[in-house]
Amino acid sequence: MSMFEKFAQQANNVLIKPRRLPAPWVPSLADRVAGRPVLITGASSGIGRALAEAVAAAGATTLVVARRADELGVLVGEIGARGGVAHAIAGDLSTEEGIDAVADRVLAEFGAPEILVNNAGRSIRRSVANSERRLHDYERTMRVNYLGAVGLTLRLLPGMRARGSGYVLASSSIGVQANLPRFSAYVGSKAALDAFMRVAAVECLSDGVRFGTVHLPLVDTDMIGPTGWGGFTPLAVDDAVALLIDALRRQPDHVGVPLGALAATGGQLMPRTARLLLHYFHRMVPESAAAKGLRPDCPSIASDGGNLNSTSEVRPDRRGGSMPADVRTAADHARIES
């Protein structure tokens, strides 16, 4: 391992830890959410699920949204067993019809939520060089990460503005701050969402509705295992949730970790040096077999969207080969909350 590799790993492992000074004057989570509807997308697993449990414990009427109705049912049951209040709203936010179905039910049964957390997301790790004829990677990330979040926000925002209060929080990525290589599809969609949030914050300033973004580093979820990040310590899910809770309490424009701040500042002050260091990082962390179109456990089968399923029906892929109909590798989806 080169000195640069060692330095990069050590810097990541130190600088991804959140740093926050004590702020006893800031409202507690219960002050913000108790007795109020809080809607969280991507709540069936990972960060979204843990955040839903936290806000329910603080007294919120927790509205959990995801595609997997069975997982949402389990979550709602567990929250209810602990004395909390939660409601499952199954829906697919990657389509306009799915967005409308979720929004219609929320508005009819609960009204506009006090807090909306756009956490659902799809992450694809693949270099630009290996993305020829893979425009669908970019379409998928845009549909979920950008259009899904924007579409739901647009439907719920009028009620927030009419009430004169509300907070919209987006789960974003440190990759937007750092221009992280091999994540162009994911980072592009999150950068678009960041821009929407900034513009919406300006337009709604006098309406009592605030907008904030949390830029998360690599988080320790089930989907990051085979993606080639050995040696880089991910942020624990509990620490990621703590960042989101901090945002819900303070309701700032931005919450992040030191590594993201360093990357953003370095990119502005020393753009050429930052680009060179990122290029070294790009060369240091190789493309995974899955991102090259090969399943790690079955090198002759190309990977594409779907859940990893070695017994899936094989269908032609867009590049002229064949692949299982329901294969999604962890390299394609380093972080999925839906």
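Couplings 3J(HN,Hα) of the range 148-161, computed from phi: x, 5, 5, x, 5, 4, 4, 6, 8, 4, x, x, 5, 5 Hz, in residue order, whole Hz [Karplus 6.51 cos²θ - 1.76 cosθ + 1.60, θ = phi - 60°; x for Gly and Pro]. Sorting 137-143, 105-111 by their mean Cβ neighbour count within 10 Å, with the most densely packed peptide first, gives 137-143, 105-111.
Take I89: with every protein chain present and a 1.4 Å probe, its accessible area is about 0 Å².
Take H87: with every protein chain present and a 1.4 Å probe, its accessible area is about 60 Å².
R32 exposes around 70 Å² of accessible area when a 1.4 Å probe is run over every protein chain in place. Each other residue within a Cβ distance under 12 Å of G164 adds +1 if Lys or Arg and -1 if Asp or Glu, for a net charge of +1. Working from the Cα coordinates of the range 137-182, the gyration tensor eigenvalues give, after taking √(5λ), semi-axes of 27, 14, 5 Å in decreasing order.
Annotation: amide H-H contacts under 5 Å for L216 (H modelled 1.01 Å from N, sequence separation of 5 or more, or interchain): S172, S173, I174. Amide H contacts for F211 (H built 1.01 Å from N in the peptide plane; partners 5 or more residues away or on another chain; cut-off under 5 Å): V168.
The values are calculated or read from the model by the stated rules, or taken from the named source; none is laboratory data. Worth saying up front: this structure is predicted, and the values here are computed from it rather than measured. With ideal geometry, Cβ positions are generated from the backbone for all residues, glycine too; neighbour counts draw on all protein chains shown. Accessible surface areas use protein heavy atoms only, side chains included; no ligands, DNA or RNA. Shrake-Rupley method; radii C 1.70, N 1.55, O 1.52, S 1.80 Å.
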